[in-house]
Amino acid sequence: MATAENGSSEPKFRWIGTRPVRPDGVDKVRGRANYGADHALPGMLWGKVLRSPYAHARIVSIDTSGALAMEGVHAVVTAEDLPEIAPEESKIGEGPTNYRDLSRNVMARDKVLYHGHAVAAVAASSPAVADRALAHIEVEYEVLPHVLDGDDAQSPDAPLLHDDLYTKGVEPAPERPSNVASRVEMGRGDPERGLAAADFVVERSFRTKAVHQGYIEPHAVVATCGEDGRATVWASSQGHFMIRAYCAKLLGMEQSQIKVVPAEIGGGFGGKTTVYLEPLAIVLSSKSGRPVKMVMSREEVFRATGPASATRIELRMGCTRDGRITGAHARLEYEAGAFPGSPVGAAVMTLFAPYDIDARAEGYDIVVNKPKVAAYRAPGAPMAAFAVESVVDELAAKCGIDPIEFRLNNASKEGVQSTFGPKFKRIGNVETLEAARAHPHWKAPLAPNQGRGVASGFWFNGGMQSSATVQVADDGTVCVVSGNPDIGGSRASLAMMAAEEFGIDIERVDPQIADTSSVGYNDLTGGSRVTFATGMAVVEACRDAVRQLRERAAAIWGVEIDGVEWADGEARPTKGGGELEPLTLRDIALKAARTGGPITGRASLTARGVGMAFGVHICDVEVDPETGKVDVVRYTAVQDAGRAIHPSYVEGQMQGGVAQGVGWALNEEYLYDDDGRMENPGFLDYRVPVASDLPMIDTVIVEVPNPGHPYGVRGVGEVPIVPPIPAVANAVASATGIRMTELPLSPPRVLAAIDESRG
Amino acid sequence: MARVFLTGSLRALAGSTGEAIEIPARDLRELLTRLEERIPDIRRRVDEGLSIAIDGDVISDPLLETLEPDSEVHFLPAIQGGRG
Amino acid sequence: MNGLGYEAPQSVEETVALLARENGAARILAGGTDLLAQMKTGAAAPQLLVDVKKVRELSSVEEDEAGFAIGAAVCTAALAEHPGLCAAWPGVVEAARLIGSEQIQGRASLGGNLCNGSPAADSVPALVAAGASCLIAGPGGERELPVEEVIVGPGSTCLEPDELLVSFRLGSGKAKRGDAYLRMIPRSEMDIAIVGAGVCIELDDFGVCHAARIGLGAVAPTPLRVDAAADALVGSRVDDAALEAVAAAASAAADPIDDKRGSAEYRRKVAGVLTRRAAKIALDRARGEQ
Amino acid sequence: MARRHVSTTINGEAVDFLCEPHQTLLDALRDELQLTGTKEGCGTGDCGACSVVFDGRLCCSCLILAPEAEGAEVETVEGIATGGELHPLQRHFLEEAALQCGICTPGFLVAAKALLDSNPDPSETEVRFALAGNLCRCTGYDKIIRAVLDSAAELRGEA
């Protein structure tokens, strides 16, 4: 089970570190929580999307008259119903997203760029009528040659997806358009010199396939837009402020015309940090004059929403005989899908982070005729870690040094200059490696056909903007209002921090996620930022309220404010306060009307002091030598959380990240036929891990507090998906003696490698 | 006096050989104005999607941040889809 | 999928009459776990669904001294609750219990699994090994066929549009006989078999195998009865040499395709491995050791 | 096309609804009866989010035709808590953080209750295989399996 280990002196908290039941839990176990598809409005129509049957084609004409003439069809939408958007980089959401590309991904304009690309949409009286209506929309296509693979897309004679796409980040600027959208490079020192001086050099090429976030809730939205041009949207997303901003931009509306109400979200993992259906639902509602519900089928989720990039990574790394890495060079090629925007930049930034070494990485973002990729939990990092942690394991073996010792010898720590530029501030890389080494799993015996692998993982986590308001009711209870969808229990963490600040019982704190018109702007739930950044805003808002409470107490006692201190939920006179009786939160709140009015704390901030975080995972596998099947038989995840606010949900993030990483390593992959059609768009043949595939996942939370946060919090959501792929791959290598460098490690691939090695 | 570290292509543009160049500036705005002497379109590049790290703190959309006398400033390519 | 009719007849005769009337536009609905999924993806578009779960002969498991009559529409979860069947044919029951998840088991039937016509159907190799036969009713009366003759190609069976699969016939329990089924799937559950192997072995009083039957799934356009592999066991004490021989014979008989679930070469190799391992389990059961 | 009238029993109460013959039981529960606790994750019986107990058997309601509910007994997640008291499974799921986003939780609760009703003392492996038809992408299953085992112990009076 989880054991928290930290060296620092432990301040005494009443709630932080405990495991209260989450305040929104009862609705979720009673089946009363409303997710995207659970909303219904009177007179509601059903919307469906017509999707391209081709991977690459010009749209010659679209005739919607047949559909419009059908009984029960109330509106049809094509690209003409959406404004032409100028190319402009958005600063919010998932990092720089080009609004023109976003618009063309929501609905194809002039060209379809992948099989499943949205071409038109209808709103009808029932899903069945909507389906039939789609069949009556005639689209004339001029089919174009397509390209599905990153390598092929780079060849000079490859079909071009965008004839106005010139590679960015290359000097001098190229004259010919290309499928390579951008080049990015980062590094430190002179790795070539280091590589020349190395005793051992390992050079390998790695390939990973596209995989999907696999959230169980398909994308869903209900939207209504009146004749006054005002829209209300119930959306299941990772950020309803992002939904409002993107819809306003794509529809040429003001943000004040759109209110987005956050539905509960059934999983996102980065895949719901953009828009697919929302703009279409608004336009369909506006044209039909009725509310419109749109729910994707699972097949649509696979064919038309953002997977994580397929990648090819070449890595060269060298070390001295005594285990000191002298240099490394990596070339990363990430498929972006139909529009630029793969997370190769984040991969280039993070892949060498666990190590204090001279290294350089160059990354290429490559468009292909497949769905536009979207963020997937530490976007870009898991694939790069597969390469780095596999080669580090091989180097350790060549030196005959224990793989954790080898990593400790080269570990980055505070003050070390990272390969992406800045010096590391206080980080828990060493402490996490030491906790893994100390765990009984590291030295436990192995049975025949079993192997053990270890791997490190890093993520820089996000800060960005958050707002919170804290309303004190006259019965002394507190409502904490914030604006981040609660994917994995963040309401509980926010309530715990508020209860700690006020010094009251957590039952008296009511955490609410408010719509876009009821709380200040909040960047989306992503980058493992909610407990960190929104938590910081909640703490600031609580401190603002406590200051007001002290002011009211001072007024009641007729003293100066610095004569009043706040402790354990009450105002107390400071020393020398004589016979003044403490005033509880309720006492002060009851008199609020007479001492100045309602007490409301408020905070809006861009969170600074982001805590970067590390994880180290140990994995045991058993490999059936006759069928190539790999079973995970034991797993231990160690991670630095800075401070675990609610340990159960920190453990949950770690265990969930492990399961997704193991699925990515063993069985998950997009399979495409030669026409660019996905062959396995369903949970039967797109194999996510099931309960009987996994053992219990032991967790160890290391706490090296982040000085940048009032409670030392570091983001925990993304780190845990980074180590599993290499941990599994290193375990398979330990069990079979074969170094596999192409995912997934499915039974046919493993058996082929075993037979090949037997010659 | 902030020490500014430039990455690959920026370093070439700035014509600097070493890892870092020293620029006197009390805040980011001042720093960018001085840097424009060496890299005329530095502001466009920042707007187009460059992140800046000040003493290890990565800031995606920087403008007014103050600088300490010994601050270190790094220009990083913006993180595409980097905050999933 | 619209304008769909739904009927729930009470007898075999009524069902056959309905099928005859619709001549091909009707589909039998037992558990529906394959059929409804296909209707949703457009792979099937019947005009009429004939729900047969109310017909006694299709929804019950009868046991008499001759053996078992398993209704074609009985859900596989119910088979595991029939002590006599589990004792007599553990291989058939474990194969049926591998069809999908617990939720699928609450609906899926042996009839549906067979008539869906998939070469990778989990229950069919075990039924073939068990020497099961199928009772089929039609306008002209009933006929009985060995199970291996029903699937004639991927997704198609020998049943006429107006014929109804009523039940499966299996022999009664027998000492010194054991059957077993194994399959290869990438996960531990919830997958379609990349390869399936059903083996049934009968030993004489001296421990020598005097009868055997082997069925393979997902290695040919239809589930296969592989007599060459069975012959490799007959006359042996099912020792290691015989087991190697049965593995080789199974691999040789396999004629698989490359597809999204596995390569032909992989299926050929694993067909041998699974047949050998299933034969070992069947042997242990025949010796009463399991 | 004429809608069919279906009279059935849901969570012990007699219920009537109208449906198109092609609608599934899941569609009827959610869109005709506003019982939205049962969720759709895939529509093809591969994720378990739509699990219900149908005539005593655990099933995927997305693969049952609504007309088949005529005269049947249907139990959904909304019927698990009785008399304003959470079922031990619901309580343990909350106390042990066995859910994060919660979209799969209704399906897991229905499937786990069906398991414990038939096997009051399952091993960890038995629980894992019995729940293999319910996909969860957030938790990695660990806390779900522990919550089911702890609920079983409490129901046996051993907790």
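The values are calculated or read from the model by the stated rules, or taken from the named source; none is laboratory data. All of these numbers come straight from a predicted model, not from anything done at the bench. Here the Cβ positions follow ideal geometry from the backbone for every residue, glycine too, while neighbour counts run over all protein chains shown.
Taking the range D:137-159 as the search range and keeping residues that are part of a loop (DSSP other than H, G, I, E, B) and facing another protein chain (nearest Cβ under 7 Å), which one is surrounded by the most Cβ atoms within 10 Å (Cβ to Cβ)? If you could, list the steps in order and put the result at the bottom.
Pass one, the range D:137-159, residues part of a loop (DSSP other than H, G, I, E, B): D:137-141, D:156-159.
So of that shortlist, the ones also facing another protein chain (nearest Cβ under 7 Å) come out as D:137-141.
Details: D:ARG137: 27, D:CYS138: 30, D:THR139: 27, D:GLY140: 32, D:TYR141: 29.
Taking the candidates together, the pick is D:GLY140.
Against the condition more than 8 Å from chain A (Cβ to nearest Cβ) and under 20 Å from C:GLN105 (Cα atoms), how does D:VAL110 come out, does it pass?
Details: more than 8 Å from chain A (Cβ to nearest Cβ): yes; under 20 Å from C:GLN105 (Cα atoms): yes.
It is true that D:VAL110 is more than 8 Å from chain A (Cβ to nearest Cβ) and under 20 Å from C:GLN105 (Cα atoms).
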Review point. Only one of A:GLU5, A:GLU71 is at pLDDT 95 or above and surrounded by fewer than 23 Cβ atoms within 10 Å (Cβ to Cβ); which?
Key: A:GLU71
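Which fully enclosed helices (runs of 4 or more DSSP H) of the range C:214-290 have 3 or more residues being under 18 Å from A:LYS629 (Cβ atoms)?
On the way: elements: C:227-233, C:240-253, C:264-286.
Once the helices (runs of 4 or more DSSP H) in the range C:214-290 are filtered for at least 3 residues that are under 18 Å from A:LYS629 (Cβ atoms), what remains is C:264-286.
Quick check on the range A:175-198. Is at least one of its residues among the hydrophobic types (A, V, I, L, M, F, W, C), in a loop (DSSP other than H, G, I, E, B), surrounded by 16 or more Cβ atoms within 10 Å (Cβ to Cβ) and within 31 Å of the chain's Cα centre (by Cα)? Lay out the reasoning, then the answer.
To start, the set of residues in the range A:175-198 that are among the hydrophobic types (A, V, I, L, M, F, W, C) comprises A:180-181, A:184, A:186, A:195-198.
Now narrow it down to the ones that are in a loop (DSSP other than H, G, I, E, B): A:197-198.
Pick out the ones that are also surrounded by 16 or more Cβ atoms within 10 Å (Cβ to Cβ) and you get A:198.
Restricting the remaining residues to those that are within 31 Å of the chain's Cα centre (by Cα) gives none.
No, the conditions are met nowhere in the range A:175-198.
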Review point. Within the set of pairs 6 or more residues apart or between chains, which connect a residue that is more than 26 Å from A:PRO695 (Cα to Cα) inside the range A:1-27 to a residue that is among the aromatic types (Phe, Trp, Tyr) and modelled with pLDDT of 90 or more with Cβ atoms less than 7 Å apart?
Key: A:ILE16/A:TYR711
Exercise for review: Consider A:VAL368 carefully, then state whether it is among the hydrophobic types (A, V, I, L, M, F, W, C), in contact with a strand residue (DSSP E or B) (Cβ under 6 Å, 6 or more places away or on another chain) and within 14 Å of chain B (Cβ to nearest Cβ).
Suggested key: no
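Just to be sure, is C:ARG261 within 26 Å of A:GLU679 (Cβ to Cβ), at pLDDT 95 or above and either among the charged types (D, E, K, R) or not assigned by TED's automatic domain parsing to the domain that holds C:ARG225 (or both)? Steps first, please.
Numbers: within 26 Å of A:GLU679 (Cβ to Cβ): yes; at pLDDT 95 or above: no; either among the charged types (D, E, K, R) or not assigned by TED's automatic domain parsing to the domain that holds C:ARG225 (or both): yes.
Against the criterion (within 26 Å of A:GLU679 (Cβ to Cβ), at pLDDT 95 or above and either among the charged types (D, E, K, R) or not assigned by TED's automatic domain parsing to the domain that holds C:ARG225 (or both)), C:ARG261 does not qualify.
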Review point. Quick one: what pairs do we get from the range B:50-70, first residue more than 10 Å from chain A (Cβ to nearest Cβ) and closer than 20 Å to A:ARG426 by Cβ, second surrounded by 15 or more Cβ atoms within 10 Å (Cβ to Cβ) and at pLDDT 85 or above, C-beta under 9 Å, 6+ apart or different chains?
Key: none
Check your understanding: Hey, A:LYS425 hits all of (1) surrounded by fewer than 18 Cβ atoms within 10 Å (Cβ to Cβ); (2) among the basic types (Lys, Arg); (3) modelled with pLDDT of 95 or more but one; which does it fall short on?
Key -> (3)
Check your understanding: Which numbered condition trips up A:TYR670, out of (1) surrounded by fewer than 24 Cβ atoms within 10 Å (Cβ to Cβ); (2) at pLDDT 95 or above; (3) not aliphatic (A, V, I, L, M); (4) not in a loop (DSSP other than H, G, I, E, B)?
Key -> (4)
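Condition check ((1) over 17 Å from A:GLU389 (Cα atoms); (2) not aliphatic (A, V, I, L, M)) across all residues:
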residue: A:GLU431; (1), (2): yes, yes
residue: A:ALA436; (1), (2): no, no
residue: A:HIS441; (1), (2): yes, yes
residue: A:PRO445; (1), (2): yes, yes
residue: A:GLN450; (1), (2): yes, yes
residue: A:GLY453; (1), (2): no, yes
residue: A:GLY457; (1), (2): no, yes
residue: A:PHE460; (1), (2): yes, yes
residue: A:SER466; (1), (2): yes, yes
Check your understanding: So which of A:ARG109, A:ARG58 ends up being of a type in the set (D, E, K, R) and within 29 Å of the chain's Cα centre (by Cα)?
Key -> A:ARG109
Review point. Only one of (1) outside any loop (DSSP other than H, G, I, E, B); (2) surrounded by fewer than 23 Cβ atoms within 10 Å (Cβ to Cβ); (3) in contact with a helix residue (DSSP H, G or I) (Cβ under 7 Å, 6 or more places away or on another chain) is not met by A:GLY47, so which one is it?
Key: (2)
Revision key, fill the gap. Considering only helices (runs of 4 or more DSSP H) wholly within the range C:1-110, the ones with at least 2 residues that are of a type outside the set (Phe, Trp, Tyr) and touching a Cys at 6+ places or on another chain (Cβ under 9 Å) are C:35-40, C:90-96, C:102-105
Exercise for review: Test each condition in (1) surrounded by 22 or more Cβ atoms within 10 Å (Cβ to Cβ); (2) polar (S, T, N, Q); (3) touching a residue at least 60 places away in the same chain (Cβ under 8 Å) for A:GLN471 and report the one that comes out false.
Suggested key: (1)
Practice item. Return yes when A:ALA223 is in a loop (DSSP other than H, G, I, E, B) and either farther than 24 Å from A:LEU113 by Cα or free of Cβ contacts under 8 Å to residues at least 24 places away in the same chain (or both) and no when it is not. Key: no
Review point. Hey, does the range A:644-661 have a residue that's assigned to a loop (DSSP other than H, G, I, E, B), touching an Asp or Glu at 6+ places or on another chain (Cβ under 6 Å) and over 15 Å from C:ILE185 (Cα atoms)?
Key: no
Exercise for review: Please indicate, with yes or no, whether at least one residue in the range C:100-110 is surrounded by fewer than 24 Cβ atoms within 10 Å (Cβ to Cβ), among the aliphatic types (A, V, I, L, M), within 14 Å of chain D (Cβ to nearest Cβ) and touching a helix residue (DSSP H, G or I) at 6+ places or on another chain (Cβ under 8 Å).
Suggested key: no
**Study point:** Single condition D:THR125 does not satisfy, out of (1) outside any helix (DSSP H, G or I); (2) of a type in the set (Val, Ile, Thr); (3) free of Cβ contacts under 8 Å to residues at least 12 places away in the same chain
**Key:** (1)
Study note, to complete from the structure: (1) closer than 28 Å to A:VAL719 by Cα; (2) within 14 Å of another protein chain (Cβ to nearest Cβ) all hold for A:SER604 apart from (2)
Point to revise | Check on C:ASN23, of a type in the set (S, T, N, Q), surrounded by 18 or more Cβ atoms within 10 Å (Cβ to Cβ) and more than 8 Å from chain D (Cβ to nearest Cβ) | key: no
Practice item. Grab the helices (runs of 4 or more DSSP H) fully contained in chain B, keeping just those with 2 or more residues being over 27 Å from A:GLY526 (Cα atoms) and at pLDDT 80 or above. Key: B:28-36, B:42-49
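Is it the case that the range A:391-408 has a residue that's facing chain B (nearest Cβ under 8 Å) and among the small types (Gly, Ala, Ser)?
First, pick out the residues of the range A:391-408 that are facing chain B (nearest Cβ under 8 Å): none.
Taking every residue of the range A:391-408 in turn, none turns out to be facing chain B (nearest Cβ under 8 Å) and among the small types (Gly, Ala, Ser).
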Review point. Which residues, taken from the range D:31-67, are part of a strand (DSSP E or B) and either touching a Phe, Trp or Tyr at 6+ places or on another chain (Cβ under 7 Å) or in the same structural domain as D:LEU131 (by TED's automatic domain parsing) (or both)?
Key: D:LEU65
Point to revise | Looking only at the range C:141-193, and only at residues there that are within 14 Å of chain D (Cβ to nearest Cβ) and not small (Gly, Ala, Ser), the one that is nearest to the chain's Cα centre (by Cα) | key: C:ILE192
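Among the candidates D:ALA152, D:ALA112, D:ALA132, single out the residue that is over 18 Å from D:GLY48 (Cβ atoms) and either of a type in the set (D, E, K, R) or modelled with pLDDT of 95 or more (or both).
Numbers: D:ALA112 fails: over 18 Å from D:GLY48 (Cβ atoms); D:ALA132 fails: over 18 Å from D:GLY48 (Cβ atoms).
Exactly one of D:ALA152, D:ALA112, D:ALA132 is over 18 Å from D:GLY48 (Cβ atoms) and either of a type in the set (D, E, K, R) or modelled with pLDDT of 95 or more (or both), namely D:ALA152.
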Study note, to complete from the structure: When the range D:58-85 is checked residue by residue, the ones that are in contact with a Lys or Arg (Cβ under 8 Å, 6 or more places away or on another chain) and surrounded by fewer than 20 Cβ atoms within 10 Å (Cβ to Cβ) are D:GLU78, D:ALA81
